[in-house]
Ligand SMILES: NC(=O)c1ccc[n+]([C@@H]2O[C@H](COP(=O)([O-])OP(=O)(O)OC[C@H]3O[C@@H](n4cnc5c(N)ncnc54)[C@H](O)[C@@H]3O)[C@@H](O)[C@H]2O)c1
């Protein structure tokens, strides 16, 4: 006997799929058979990940898209529908942050972090909702444990991620009876291009890993496994939840 996760009838969009955690998610969803759109601010990064997938025999496209810009989201999603079909799995992974004490964070930086990390996620959810209702789709939002524990020098980011968790739960309430599920994954520190400055600032990966019950930091594959589970029928009775994927660092 064997259990297989088969997403071959799914069209997945992964924002920020051109790097780090998003790249790992895009690769794993493609391995499970999904057609994957890598939606990223960087057209080159999106194209390169899409080519990795097609090189292995999967189906993927790169889509240049800025989640903070509603018109860009509208055009990007229209392009996905045209090339792959209606979206059935939406992974909101793109985000931005600053590593600065609260008192040093400017109004402009605050606005940018909220615009991308929170409003960008909402833009994608709003833009893809008609498709998700049509396909009985699933949303997996990448939050952060910082939203639940607080994070030194990342206060606005933590606040934006708390908003991501709240909108995930609220939408899950509204669309559950229509067959759509929405959950969030909250990663602990995961080694990616985007986290290198943070890891450096807190004294390096080895030092940080000592605080983790499982003794190491995360990899994009660790986060991707949880996303695949929440996108698949194995989680059919799970919605409105936040799954911490953090080697036991956060137990809430
Ligand atoms: N790495 C960690 O330790 C960690 C921990 C907790 C949560 N997270 C979350 O995981 C997600 C991915 O983080 P990562 O470390 O892989 O980041 P990363 O910086 O390596 O990759 C982020 C990707 O998002 C894209 N992007 C940024 N702004 C965008 C926008 N406006 N529109 C479209 N694409 C945009 C970038 O071009 C990049 O390809 C983020 O939501 C982050 O908050 C990461």
Within the set 126, 210, 74, GNM on the chain using Cα springs under 10 Å gives the largest fluctuation to 210
Nearest 10 degrees, 0 to 90: what angle lies between the long axis of helix 43-55 and the longest principal axis of the chain (Cα atoms)?
-> 60 degrees
Work the Kirkwood hydrodynamic radius out for the chain: mean of 1/r over every pair of different alpha-carbon atoms, inverted, in Å.
-> 18.0 Å
Could you order peptides 19-25, 81-87, 7-13 by the average number of other Cβ atoms within 10 Å of their residues, highest first?
-> 19-25, 7-13, 81-87
Working out 0.36 nm times the residue gap between residue 103 and residue 83, then minus their Cα-Cα distance, what length gain in nm do you get to one decimal?
-> 2.6 nm
Assuming R0 = 22 Å, can you tell me the calculated FRET efficiency for the pair residue 221 and residue 54, based on Cβ-Cβ distance, to the nearest 0.05?
-> 0.65
Estimated FRET transfer efficiency when R0 is 41 angstrom, pair residue 71-residue 206 (beta carbons, to 0.05) | 0.35
If each part is reduced to its alpha-carbon centroid, segment 202-223 and segment 70-105 end up apart, in Å, by 27 Å
What is segment 68-118 by shape, rounded, prolate or oblate, if you read a ≥ b ≥ c off the alpha carbon gyration tensor as root eigenvalues and call it rounded for a/c under 1.5, prolate for a/b larger than b/c, and oblate otherwise?
-> prolate
Would you mind checking the tilt of helix 20-31 against the longest principal axis of the Cα atoms of the chain, expressed as 0 to 90 degrees and rounded to 10?
-> 30 degrees
For segment 141-209, just say rounded, prolate or oblate: build the C-alpha gyration tensor, square-root its eigenvalues into a ≥ b ≥ c, call rounded for a/c under 1.5, and beyond that prolate if a/b exceeds b/c, oblate if not.
-> prolate
Exposure proxy order (Cβ contacts within 10 Å, fewest to most) of 156, 116 | 156, 116
Would you mind calculating the gained length between residue 9 and residue 178 on full extension (0.36 nm times residue separation, minus the Cα-Cα distance), in nm to one decimal?
-> 58.9 nm
CD proxy, 222 nm, the chain: helix-only mean residue ellipticity via -39,500 (n - 2.57) per DSSP H run with n ≥ 4, per residue, nearest 500, stands at -13000 deg cm²/dmol
Quick calc: nm separation of the 7 Å Cα→Cβ label points for residue 196 and residue 111 -> 3.1 nm
Rounded if a/c is under 1.5, else prolate if a/b beats b/c, else oblate: with a ≥ b ≥ c from the C-alpha gyration tensor eigenvalues square-rooted, which is segment 133-252?
-> prolate
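None of the figures in this text is laboratory data; all of them are computed from the coordinates on show. Note that the structure is a prediction, hence the values are computed from the model and not measured. Cβ sites come from the backbone with ideal geometry, for glycine too, and all protein chains shown count toward neighbours.
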